[in-house]
Amino acid sequence: MNATRQIYWNIQGHIAIYPLFLVAIVIFAYGFYLKYRLWHVGQPVDRNDRKGARAKSLIGFVLGHTRILRRRQPGIMHFLIFWGMVCLFLGTIVVALQSDVGLQIMHGPFYLYFMSLILNIAGLAVLLGLLIALYRRYIKPAEGLDNQPDDAVILILLLVIILTGFLTQGLRIAATHDPWAAWSPVGNLFARLFAGLGAATQSEVHRALWWSHLFLALGLIAYLPYSKLIHIGTAPLNIYFRSLEPNGALTRLDLEDEDLETFGAAKLTDLTWKDLMDTDACVRCGRCQNNCPAYLTGKPLSPKALIQDLKLQVHQQGKLILAARKTAAHPTTGEHETAAGSELDAGLDEQNLVGTVLSEDALWSCTTCRACMEQCPVFVEHVPKTIEMRRNQVLMESDFPAELNGAFKGMENNGNPWGLGWAKRAEWADDLGVKVVATDGAPEYLYWVGCAGSFDNRNRKVSAAMVQIMRAAGIDFAILGTEEKCCGDSARRLGNEYLYQSLAEANIETLNGYGIKKIITQCPHCFNTLKNEYPQFGGNFEVIHHSAFIAQLIAAGRLPLQAKLNGTITYHDSCYLGRYNAIYQPPRQVIEALGLKLIEMPRSQRESFCCGAGGGRMWLEENLGERINMQRTEEALSTNASCIGTACPFCLTMLEDGTKRKDVAENIKTLDLAELVQQAIQSAQ
Amino acid sequence: MAGVWVFAEAKDGKFRRVILEMLGEARKFADHLGEELWAVLVGSNVAELSSLLGEHGADKVLVMDNPNLAAYTTDVYAGVTLGLINTYQPTAVLFANSNMGRDLAPILAQKLDTGLITDLTGITYGPEILFKRPIYAGKALVELSFAANARPMLLTIRPKVFTPAEPQTGRQAEVITASADLNALTLRQVIKDVIRKASTRVDLTEADIVISGGRGMKNPENFKILEEVADILGAAVGASRAAVDEGWREPQYQVGQTGKVVSPQLYIAVGISGAIQHLAGMNSSKCIVAINKDPEAEIFKVADYGIVGDLFQVIPILKQELQQALASA
Amino acid sequence: MRIVVCMKQTFDTEAKIALTADGLIDSTGVTLVVDPYSEFAVEKGIQFKEKFGGEVVIVCIGDTQAETAIRQCMAMGADRAVIVTDPAMDGSDQSATARVLAKAVISQEPDIILGGFKSVDSGSAQVMLRLAEILNLPHVNVVTNIEIGEGKAIATRELDDGVELVEVSLPAIFTAQQGLAEPRYPSVKGIMQAKKKELKRLTLADLDIDPTSVGPANAKVKIHGLTLPAPRKGGRIIGGEIPEATADLVKALRDEAKVI
Ligand SMILES: Cc1cc2nc3c(=O)[nH]c(=O)nc-3n(C[C@H](O)[C@H](O)[C@H](O)COP(=O)(O)OP(=O)(O)OC[C@H]3O[C@@H](n4cnc5c(N)ncnc54)[C@H](O)[C@@H]3O)c2cc1C
Ligand code: SF4
Ligand code: SF4
């Protein structure tokens, strides 16, 4: 006997599905179109290059759930619902193909395995997923979730759809005494419930439930773009259109463009369509917020709130803007106007982003640590938005925390944020006899010291250690000396693109002038901007962070490290080394080679918790909430390691500041990797 | 007639130390020129101060005592002083580089169409007399002389640089009393109010001397003794961020990268390690003193003078020594 | 209200001062900035404009390099500028400088004139007052606040032991002390606009000044030579027992450093 079942058993006029489906689709499409229009009040940006890479993203992140599964419970929840629903949807298509296209596929093993067993399991999976979701929302609320009516509506709707599905199946099995019932274990279970009912009742209830199931499913489709379920569409789109630039590269502003009326983002329409689409991809999962150092230390910034508040603006302001553009497009004169400026003509007073989606305090609280973006399952881009708003505040409004005045002027006049005389930049190297490019010619490796390594006595020790290490390994290196200027990282991340570009251009001119090819940095901020951002201005160098460089030297046996250090260490991943540049292993390799026992902090590598100094926060006072560096220091101390290892001058400052404040600095040293290696070299010699 | 004049600005019946310092140097100046040293006393109820000026080296004291001269305003003082200069034709007039001197001297220089050297810190006597003053905030020194037609030579003298002459008790100066018709002067400046900073502490960023405490101060009470030292010096009290974080001082007194930037003549860092974030706020101070028990502390790298020792031992002694030193002035 | 601000360009305060072979100040590689005291004045002027309307005119004597400083002031918000550039001005003293400034300033018919009470380079602190005398305008020197009233202003003048409030009628000259206004950081919008603002370049001839009446030959004060101070004795640790060391410290501060 050929395994199959009768399609549309007990149902007359199933063909009505199609017009109904059409209605649902129209409502759905209209909703999506409205959203699409709203996103496009934003600026154009090309996110459709490198299609292959984009398609690959979809496979990994959508089908493979690679990011979503990083968080176990919600990951599994989503996996179950997603794949369950995908299977059920495929099943529905198969039915349609068989019944109305005439493909005879619903029989035999395919019927038994897929249409019966797998779909039963899929339904069960969705059910399970929904239960987890309900549990996370209403029984034991998970960190970072907020409940809105929409959440409940969706969960209940799905639950009812799945249940009515099983119920109709159960009734059909019971009424038809389906011989293949065993292949639908869940349906079969439900069938037993109805075994006692009379055939007429069975048929009547079945019909009622069948139509309800259908209406609910179509309702769900229609409701989709009006709810957070829109992410079914927007999440893959967001993943497809995600930025493929290096993590560490902010966009370049064309400051020469005289036509630009504004720099950065003051208003909604200054953001890109992708920025606005982000808001409809966000599922309010809270992962960003759960990892945000600003949020977790009580500052008025939450990346989730940023996106949600922006979403509100897209919906409220966006509609007004669209309406205004419409009137502007058909004014009485009949002349057609393009987007720019037309809102104004229509008398629309567009609101500022700062103050509505983000308070000033929140804007300046971000350390640009990228924890939010690293966690976001749908690739929402928080940091670039923050930077665009900062750019506007700085470049157009000149409105920023007062402390920055000195830092900006210092970088401008003396090439370092402390404003110390530029002529003193190379003083640290005076007694070390380090070669200077201007007098000794271009070396194989340019050693880029950075402001901290040049001026800060604490970090000068790291520079000295680097000199010793490179000499021990016989590296041909030299410094730029007083010709080196601040790399501009802080300026750029504080929104001062103008200052950044002038610093970057000056440095690139110097470096190119000497024909420098390879650069070693000890500061991840220098590293990141030299490597990922200087190419925007014609600076193409092979840039190597000292942690990676040392790891290479050790691996190649070029460092005399016979003596092993003893003791335990915990290593703090710098954001700009780790999350921005995926350098997680080399520092750990160095630590291992030194013979130190590494004890990881609860939050490490991808999940590392910022020290508080990134994004130019190094130059700002931290008066709101708890100090970020204190929270991180406490975390480091919780490992009971006898030393805190860093590979960034800012992290070093921040964590040492923390241990000093905790009054443990005497016993628990905070050291740069280079200093540890130096110790090992010294004890070897 | 000729002479080297010292404009002996007095307040509340007293001279600031700089007036005596000026007399000391002006004596040498006058002797070099072979001229008399005159002190000029302009003000209200100032006549009785002439004897002190004589004791400190003045040959003559020119007194213009008038109740309407109680308060300084540019037009009145410039008017009467111009009258005196025109009458007696001095070779040089020295003013203190005080707020009065800084205001009066340039106006007179222009009225007299002569030269003015301000903020003088040294004189070399030779065939040509050379006057030394700091430029570029003391990072260079320039030597100047007056053109032959620039008479009188006008100068303002930096305080605390020259040495006062030993007072000769009983030495008397001839007193010349002058008067002027103040009504003939147009007065364009009207003083509406004077606010004296009695004991309220000087503003951090404007203070000439700042004394700051750091984590080494251990607790808020210990800042009291810094305040006492500050009062003696007329200094402002600052703090490192560590001290502010501990809640020992208010945030507005934080000196450094994310606090206030100060550049006083004298900065005394007490129990401060000298992190760059702190240095960024005070490293352009003229003279830096560090008191710290750790000889390796970074602050000693930027300090002009350092004492390695327990601040709780040093500060009380410092207080005493300062009291003595400044009392003797 | 027309506000004229006299602005000078100077070395960055962090600049390392060195002498050339002929004993002059070496300006190679030095960052040039708006003199901080001028900058307070510029800021205050812009604040006045924002409050009362009118325009801010920068008047500057300097060479072409000084134009960057002028653009900086314009980027902050100054409306236009007059720069007097003339090789004859090299080596002029304060009296000549004030005379030239006076001509340039008065041609602008100002209601209020602002400038730094001194500059951080020469620090002679007399140009603005000489200017007041030449223009026969009232002035208030070393001020930390100015309140404008009907045809007059009340300025807060710094005293050695406090402050006084001085009233003068306008037009008048005020010289800025630190605290008068916190200079703003120019926006890029401002920088762009600055490029297009009017900058009038004048020579002495344009101002009807005889070039032979200025310059070193006419200086009332002649420069003989520059020297650098003995380098900081950097980190002299005063040794010995604490009481002696402390006493030595006080002595050093008084006799050597001359700061107390
Ligand atoms: C973003 C950021 C911004 C910052 N901004 C500023 C800023 O604006 N201003 C600022 O000051 N800091 C700032 N810091 C902090 C700075 O890094 C240092 O941590 C801070 O300056 C240290 O203060 P301290 O010297 O008082 O404390 P410590 O570094 O702990 O030094 C205390 C010193 O006191 C000495 N000491 C202790 N007891 C005695 C005793 N009995 N007698 C004599 N000496 C004693 C010790 O030897 C030690 O040298 C900032 C840090 C960060 C990360
Ligand atoms: S970058 Fe870091 S600090 Fe900024 S919002 Fe994201 S998680 Fe928070
Ligand atoms: S932005 Fe991303 S991580 Fe944050 S709540 Fe939205 S979906 Fe979650």
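A short reminder: the numbers here are calculations on the coordinates, not readings from a lab. If you're wondering where the values come from, they're calculated on a predicted model, not measured in any experiment. Ideal geometry is used to build each Cβ from the backbone, glycine not excepted, and the neighbour counts take in all protein chains shown.
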message: In whole Hz and in residue order, list the ³J(HN,Hα) couplings for region B:178-187 that follow from phi through the Karplus curve 6.51 cos²θ - 1.76 cosθ + 1.60, θ = phi - 60°; x for Gly and Pro.
response: 10, 9, 8, 8, 5, 5, 6, 8, 8, 10
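What's the magnitude of the charge dipole for region C:1-81 around its Cα centre, counting Lys and Arg as +1 and Asp and Glu as -1 at the beta-carbon? Answer in Debye, nearest 20. Write down the numbers at each step before the final one.
Values: 8 positive and 12 negative charges, 79 e Å.
Dipole about the Cα centre, nearest 20: 380 debye.
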task: For chain B, find the longest principal axis of its Cα atoms and tell me its angle to the long axis of helix B:223-233, 0 to 90°, nearest 10.
output: 20 degrees
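In what order do B:M217, C:M192 fall by count of nearby beta-carbon atoms within 10 Å, going from fewest to most? List each step's numbers first, then the result.
Working: B:M217 26, C:M192 17.
Result, fewest neighbours first: C:M192, B:M217.
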message: 5 Å is the cut-off here: which amide hydrogens, built 1.01 Å from N in the peptide plane, fall below it relative to C:D160, excluding neighbours closer than 5 in sequence?
response: B:N99
query: Highest GNM mean-square fluctuation, chain C, Cα pairs closer than 10 Å: which of C:P110, C:P138, C:P243?
result: C:P243
- prompt: By how many nm would the segment from A:Y30 to A:S683 grow when fully extended, if each residue of separation counts as 0.36 nm and the alpha-carbon distance is taken off?
  reply: 227.8 nm
field: Length gained when the stretch A:E600-A:L312 is fully extended (0.36 nm per residue, less Cα-Cα span)
entry: 99.7 nm
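Tell me the trypsin sites (Lys or Arg not before Pro) within region A:488-523 that lie in a loop according to DSSP and have at most 15 other beta-carbon atoms within 10 Å.
For trypsin sites (Lys or Arg not before Pro) across region A:488-523 that sit outside H, G, I, E and B with at most 15 neighbouring Cβ atoms in 10 Å, the list reads A:K517.
In chain C, what % of DSSP beta bridges are antiparallel (nearest 5)?
Of the beta bridges lying entirely in chain C, close to 40 percent run antiparallel.
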- prompt: Which ³J(HN,Hα) values, rounded to whole Hz and listed in residue order, are derived for region A:220-235 from phi using the Karplus coefficients 6.51, -1.76 and 1.60 in 6.51 cos²θ - 1.76 cosθ + 1.60 with θ = phi - 60°, glycine and proline given as x?
  reply: 4, 4, 5, 6, 2, x, 9, 10, 6, 5, 4, 5, 4, x, 6, 4
field: Computed label-point distance, nm, for sites A:A442 and C:Q193 using a 7 Å Cα→Cβ extension
entry: 4.4 nm
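Would you mind ranking C:H139, A:H231, A:H177, A:H40 by Cβ crowding within 10 Å, fewest neighbours first? Walk me through the numbers before you get to the answer.
Working: C:H139 27, A:H231 20, A:H177 9, A:H40 16.
Ordered from fewest to most neighbouring Cβ atoms within 10 Å, C:H139, A:H231, A:H177, A:H40 come out as A:H177, A:H40, A:H231, C:H139.
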- prompt: Taking a label point 7 Å from the Cα of A:R54 along the Cα→Cβ vector, which residues of region A:247-276 have an amide N closer than 15 Å to it?
  reply: A:273-275
field: In Å, descending, principal axis extents of the Cα set of region C:2-218
entry: 52, 40, 39
task: Please compute the net charge surrounding A:V449, taking Lys and Arg as +1 and Asp and Glu as -1 over other residues with Cβ under 10 Å from its Cβ.
output: +1
- prompt: At what distance in nm do the modelled label points of A:D257 and C:T68 sit from each other, each positioned 7 Å from its Cα along Cα→Cβ?
  reply: 2.8 nm
- line: Partnerless cysteines (no other Cys beta carbon under 4.7 Å) identified across chain A are A:C87, A:C282, A:C285, A:C292, A:C366, A:C376, A:C451, A:C486, A:C643
message: Could you tell me how far the Cα centroid of region A:241-267 sits from the Cα centroid of region A:413-435, in Å?
response: 32 Å
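For n ≥ 4 DSSP H runs only, could you compute -39500 (n - 2.57) per run for chain B, divide by its residues and tell me the 222 nm figure to the nearest 500? Could you put the intermediate results ahead of the total?
Details: 9 runs with 95 residues, N = 329.
After summing the helix terms and dividing by the residues of chain B, the value is -8500 deg cm²/dmol.
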task: Kindly work out what percent of the DSSP beta bridges joining two residues of chain B are antiparallel, to the nearest 5.
output: 20 percent
- prompt: Can you give the calculated 222 nm mean residue ellipticity of chain C, where each DSSP H run of n ≥ 4 adds -39,500 (n - 2.57) and the sum is split over every residue, rounded to the nearest 500 deg cm²/dmol?
  reply: -8000 deg cm²/dmol
task: Calculate one ³J(HN,Hα) per residue across region A:642-658 by plugging θ = phi - 60° into the Karplus curve 6.51 cos²θ - 1.76 cosθ + 1.60, and present them in order as whole Hz with x for glycine and proline.
output: 8, 8, 10, x, 9, 9, 8, x, 6, 4, 4, 4, 5, 6, 5, 4, x
- request: Give me the distance between the Cα centres of region A:628-685 and region B:89-138, rounded to whole Å.
  value: 56 Å
- prompt: Given the rule -39500 (n - 2.57) for each run of at least 4 DSSP H residues, summed and divided by the residues of chain A, what is its mean residue ellipticity at 222 nm, to the nearest 500 deg cm²/dmol?
  reply: -15000 deg cm²/dmol
statement: Between B:K111 and B:H32, the FRET efficiency computed from the C-beta separation at R0 = 30 Å comes out, to the nearest 0.05, as 0.65
task: Count charges around C:A181 for me, please; just the other residues with Cβ under 11 Å from its Cβ, Lys/Arg as +1, Asp/Glu as -1.
output: -1
query: Name the residues of region A:268-309 whose amide N is less than 18 Å from a point 7 angstrom out from the Cα of A:E634 along the C-beta direction?
result: A:290-300
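Out of all DSSP beta bridges with both ends in the protein assembly as shown, state the antiparallel percent to the nearest 5. The partial results should precede the final answer.
Values: 40 of 135 bridges.
That works out to approximately 30 percent antiparallel.
Sorted by mean Cβ packing within 10 Å, highest first, what order do the peptides B:188-196, A:242-250 take? Before the final figure, lay out the partial values.
Values: B:188-196: 14.2, A:242-250: 16.7.
So the order, starting with the most tightly packed, is A:242-250, B:188-196.
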task: Please label the shape of region C:123-227 as rounded, prolate or oblate, based on the square roots a ≥ b ≥ c of the eigenvalues of the alpha-carbon gyration tensor (a/c under 1.5 means rounded; beyond that, a/b larger than b/c means prolate, else oblate).
output: oblate
message: Under the rule of at least 5 residues apart or a separate chain, name every residue whose amide H is placed under 5 Å from the amide H of B:V63.
response: B:L41, B:I176, B:T177, B:A178
task: Tell me which residues come under 5 Å, amide H to amide H, from C:K200 once H is placed; ignore anything under 5 positions away on its chain.
output: C:A81, C:V82, C:I83
query: Say a paramagnetic label sat at a point 7 Å from the Cα of A:L159, along Cα to Cβ; which residues of region A:91-134 have their backbone N under 13 Å from it?
result: A:127-134
- prompt: Quick one: helix A:303-329 against the long Cα principal axis of chain A, what's the angle to the nearest 10°, folded into 0 to 90?
  reply: 70 degrees
message: Along the Cα→Cβ direction, 7 angstrom out, place labels at A:V23 and A:A665. What is the inter-label distance in nm?
response: 7.3 nm
- line: In degrees, nearest 10, the alpha-carbon axis of helix B:74-88 is tilted away from the dominant principal axis of the alpha carbons of chain B by 50 degrees
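Could you tell me the number of lysine pairs in region A:560-684 with C-alpha atoms less than 18 Å from each other, where the two lysines are 8 or more residues apart or belong to different chains? Before the final figure, lay out the partial values.
Values: A:K564/A:K597; A:K564/A:K669; A:K597/A:K669; A:K660/A:K669.
Count of close lysine pairs: 4.
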Region A:48-240, dipole about Cα centre (Lys/Arg Cβ +1, Asp/Glu Cβ -1), debye to the nearest 20: 720 debye
statement: Exposure proxy check on A:C369, A:C643: fewest-to-most Cβ neighbours within 10 Å is A:C643, A:C369
Lysines whose Cα lies under 23 Å from that of A:K56, excluding same-chain neighbours fewer than 8 positions away: A:K274
